[in-house]
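**Student:** Before anything else, here's the structure in question.
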Amino acid sequence: MATPLLGQMMAAPLLISSLLTHAARHHGDTEIVSRRVEGDIHRYTWRDAEQRARQLAQALRRLGVSDGERVGTLAWNGYRHLELYYAVSGMGSVVHTVNPRLFPEQIAYIVNHAEDRFVAFDINFLPLVETIAPQCPGVQGWIAMTDRAHLPASDLPLLCYEDLIAAEDGDFAWPSMDENAASGLCYTSGTTGNPKGVLYSHRSTVLHAFGASLPDAMCMSARDAVLPVVPMFHVNAWGLPYSSALTGAKLVFPGKDLDGKSLYELFEAEGVTFSAGVPTVWLGLLTYVKSIGGRFSTLERTVIGGSACPPAMLQSFEKDYGVRVIHAWGMSEMSPLGTLCHLRKHHRDLPEAEQQHILEKQGTAIYGVDLKIVGPDGEALPWDGKAFGDLYARGPWVLDRYFRADASPLVDGWFPTGDVATIDPEGYVQITDRSKDVIKSGGEWISSIDVENVAMAHPEIHEAACIAIRHPKWEERPLLVVVRKPGSTLTREDVLAFYQGRVVKWWIPDDVVFVDEIPHTATGKMLKLKLREKFRDFEVST
Ligand code: ADP
């Protein structure tokens, strides 16, 4: 260990409360607009948010919530959820965002595993709360996020959010604490086994917010109006509630209505410049905008991630609407941002098709994230854009161990992401698959994402999933599961013909099946596990 001369700068801890106080003090008049579950539009400012967060912290203290204790939320994106984010973390407790789209049994498991003392919920989740409450004896109170006038009738003794706030004067100072203190908890949806908790710290959250705001990341500024479509229960809405405070951006919260029409109206009415979400929601939005012949008058760019952005979607945003797509990769265990895709200066001289090809990748690592790909024996693979292997990550906002787990998942200090990727000589990462989704055909790997992307470029295909089916000779072969667009009469042969010349021959699916709907996970990703079960005994048609 070196014994350096210590610097003589202030040892100010990186605390989440400082993001809010910064926004309130230096961008106090900037608006936060929410579509409420009560049905109306609510507006106030960063200054108001900070005042009410202090009142909420006082109220939670009065209820007995102490340092390090968890407060759960079951809520859409809205200003009260934002207040909970800042009040709970800021006072030294841990905000635990629970995904309300999970099955009730899973939610009860998560609430109990986290040992939530209180759970705050949007009133439309009352039936869910009433279902799980008997299974969650550790929860001392359920806080309905509404005012007295909208408080629903229930056999549960509900606490009223607005009453709690109204009873306090806001005379509360955000405490100082160790920047490594836990601030937030989020469970991964866990397609196998029980969900696992990722426990963020103040330090990891603030550093992530810095990194996320950078020009070659989300490029955020005080000139932005940010609409997070990605829910605040999905890895902290990718950090946007924090990076918006850090940069002093306007926030626009869509509440529970994530259909194309509702989103589009809010984008236009509030002058939204920047948004972020998973591909599935953009499918809905683009379909709607196309159907009304609409345009985006203020939207400049959008981050698409959580699963691979189909190139056809990227092109539609850019070409049809002039909206820049920033393809991004990350995961709950990485707070979530790992890579984002932007062109470099010298790429501007390349032909358009080559630029497009780069933009379709998941991008390069932001400062704070280090990456490597490794082969089957754990050896590091070259960054040549061809070799693909297991992707490992490390850095100050990458998970060290899961909440209440003994063993660390790290391998030599690196976190195995469970994704398979290539990295090119310039550091651009391309995710070819989740390791469990990759199709192993005759000793070679087929990227299910690449196969899906071809299908998604077909004008009559709404959504497509590529999964492995068993094959006597090749071990596994690709099967394409397709949802046609309304009115389409597309056949198996049409789809297979579309693949000719677009991928190497042996990547062409062995068969195509049409379904009405592809199942999705609670975070909007295609649930391939379900499809693999459904087509386990599938026989290829000849
Ligand atoms: P889960 O879906 O397991 O709850 P996350 O929401 O953290 O957890 O998802 C992380 C995973 O999503 C990544 O490991 C990766 O497989 C996938 N993913 C995220 N972004 C992308 C992307 N741009 N392209 C392909 N896959 C992605």
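**Student:** Select from region 286-312 the residues that are within 16 Å of the ligand (Cβ to nearest atom) and either closer than 15 Å to R35 by Cβ or crowded, with 21+ Cβ neighbours inside 10 Å (or both) and list them in ascending order.
**Tutor:** Listed by number, the residues that qualify are T302, V303, I304, G305, G306, A308, C309, P310.
**Student:** Could you check how many residues of region 247-263 are surrounded by fewer than 23 Cβ atoms within 10 Å (Cβ to Cβ) and hydrophobic (A, V, I, L, M, F, W, C)?
**Tutor:** 1
**Student:** Yes or no: G197 touching a helix residue (DSSP H, G or I) at 6+ places or on another chain (Cβ under 8 Å), modelled with pLDDT of 95 or more and assigned by TED's automatic domain parsing to the domain that holds P231?
**Tutor:** For G197, the condition - touching a helix residue (DSSP H, G or I) at 6+ places or on another chain (Cβ under 8 Å), modelled with pLDDT of 95 or more and assigned by TED's automatic domain parsing to the domain that holds P231 - is met.
**Student:** Further question: Does V369 satisfy the criteria of being touching a Gly at 6+ places or on another chain (Cβ under 7 Å), closer than 21 Å to G197 by Cα and crowded, with 20+ Cβ neighbours inside 10 Å?
**Tutor:** yes
**Student:** Follow-up question, since we're still on this one. Take the residues in region 409-434 that are part of a loop (DSSP other than H, G, I, E, B) and of a type in the set (D, E, K, R); name whichever of them is nearest to the ligand (Cβ to nearest atom).
**Tutor:** Among those that are part of a loop (DSSP other than H, G, I, E, B) and of a type in the set (D, E, K, R), it is D424.
**Student:** If you don't mind, another one. Looking for something farther than 25 Å from T188 by Cβ, within 16 Å of the ligand (Cβ to nearest atom) and of a type in the set (D, E, K, R) - is there at least one such residue anywhere in region 268-285?
**Tutor:** no
**Student:** In this structure, does W174 turn out to be in contact with a Ser or Thr (Cβ under 8 Å, 6 or more places away or on another chain), farther than 19 Å from S332 by Cβ and of a type in the set (F, W, Y)?
**Tutor:** yes
**Student:** Okay, moving on. Only one of (1) away from the ligand (no atom under 16 Å from the Cβ); (2) over 29 Å from P195 (Cβ atoms); (3) without any contact (Cβ under 8 Å) to a residue 60 or more places away in the chain fails for V483. Which number is that?
**Tutor:** (2)
**Student:** Hey, which of the helices (runs of 4 or more DSSP H) in region 11-94, taking only ones fully inside, have at least 3 residues that are more than 30 Å from R404 (Cβ to Cβ)?
**Tutor:** 16-26, 46-63
**Student:** Next question. Suppose the filter is in contact (Cβ under 8 Å) with a residue 40 or more places away in the chain and within 28 Å of I41 (Cβ to Cβ); does A120 pass it?
**Tutor:** Yes; evaluated as a whole, the condition is true for this residue.
**Student:** Taking the stated definitions as given, is N112 polar (S, T, N, Q), outside the structural domain of T521 (by TED's automatic domain parsing), surrounded by fewer than 23 Cβ atoms within 10 Å (Cβ to Cβ) and over 25 Å from Y242 (Cβ atoms)?
**Tutor:** So N112 passes the test.
**Student:** Separate question: Conditions first: (1) free of Cβ contacts under 8 Å to residues at least 40 places away in the same chain; (2) surrounded by 17 or more Cβ atoms within 10 Å (Cβ to Cβ). L20 passes all but one, so which condition is the exception?
**Tutor:** Looking at each condition in turn, L20 falls short on (1).
**Student:** Among the listed residues V65, V111, which satisfies the condition of being farther than 19 Å from A166 by Cα and in contact (Cβ under 8 Å) with a residue 12 or more places away in the chain?
**Tutor:** Answer to the check: V111.
**Student:** Which one of the conditions (1) outside any strand (DSSP E or B); (2) within 16 Å of the ligand (Cβ to nearest atom); (3) more than 27 Å from A312 (Cβ to Cβ) does D390 fail to meet, given that it meets all the rest?
**Tutor:** It is condition (1) that D390 fails.
**Student:** Hey, does region 394-401 have a residue that's touching a residue at least 12 places away in the same chain (Cβ under 8 Å), touching a His at 6+ places or on another chain (Cβ under 6 Å) and within 16 Å of the ligand (Cβ to nearest atom)?
**Tutor:** The answer is yes; a qualifying residue exists.
**Student:** Among (1) touching a residue at least 12 places away in the same chain (Cβ under 8 Å); (2) surrounded by fewer than 24 Cβ atoms within 10 Å (Cβ to Cβ), there is one condition P127 misses while meeting the rest; what is its number?
**Tutor:** (1)
**Student:** Hey, can you tell me all the residues within region 118-171 that are among the β-branched types (V, I, T) and touching a Ser or Thr at 6+ places or on another chain (Cβ under 6 Å)?
**Tutor:** The one that is among the β-branched types (V, I, T) and touching a Ser or Thr at 6+ places or on another chain (Cβ under 6 Å): I123.
**Student:** Okay, next question. Run Y392 past the list (1) modelled with pLDDT under 95; (2) of a type in the set (S, T, Y); (3) surrounded by 15 or more Cβ atoms within 10 Å (Cβ to Cβ) and report the number of the one that doesn't hold.
**Tutor:** The single condition Y392 does not satisfy is (1).
**Student:** Would you confirm whether or not region 240-248 contains a residue that is under 18 Å from the mean Cα position of the chain (by Cα), in a strand (DSSP E or B) and on the phi < 0 side of the Ramachandran plot?
**Tutor:** There is no residue in region 240-248 that is under 18 Å from the mean Cα position of the chain (by Cα), in a strand (DSSP E or B) and on the phi < 0 side of the Ramachandran plot.
**Student:** I would also like to ask the following. Does at least one position in region 499-506 carry a residue that is in contact (Cβ under 8 Å) with a residue 12 or more places away in the chain, closer than 30 Å to V235 by Cβ and not aliphatic (A, V, I, L, M)?
**Tutor:** no
**Student:** Hey, among the residues in region 313-340 that are more than 8 Å from the ligand (Cβ to nearest atom) and among the charged types (D, E, K, R), which one's surrounded by the fewest Cβ atoms within 10 Å (Cβ to Cβ)?
**Tutor:** Taking the candidates together, the pick is K319.
**Student:** Here's something else I'd like to know. With the structure loaded, tell me whether I107 is closer than 15 Å to L185 by Cβ and not in a strand (DSSP E or B) or whether it fails that test.
**Tutor:** yes
**Student:** Looking only at region 238-250, decide whether some residue is in contact (Cβ under 8 Å) with a residue 24 or more places away in the chain and closer than 24 Å to S316 by Cα.
**Tutor:** yes
**Student:** Could you count how many residues in region 152-192 are touching a residue at least 12 places away in the same chain (Cβ under 8 Å) and either assigned to a loop (DSSP other than H, G, I, E, B) or not assigned by TED's automatic domain parsing to the domain that holds M91 (or both)?
**Tutor:** 24
**Student:** Those residues that are touching a residue at least 60 places away in the same chain (Cβ under 8 Å) and within 19 Å of G330 (Cβ to Cβ), I need them from region 404-417; list them, please.
**Tutor:** Of everything in region 404-417, those that are touching a residue at least 60 places away in the same chain (Cβ under 8 Å) and within 19 Å of G330 (Cβ to Cβ) turn out to be F415, T417.
**Student:** Give the residue that is surrounded by the fewest Cβ atoms within 10 Å (Cβ to Cβ), with candidates limited to residues of region 41-55 that are among the hydrophobic types (A, V, I, L, M, F, W, C) and in contact (Cβ under 8 Å) with a residue 24 or more places away in the chain.
**Tutor:** My answer is A49.
The values are calculated or read from the model by the stated rules, or taken from the named source; none is laboratory data. Note that the coordinates shown come from a computational prediction; the quantities given were computed from them, not determined experimentally. Glycine gets a Cβ as well: all are built from the backbone with ideal geometry, and neighbour counts include every protein chain shown.
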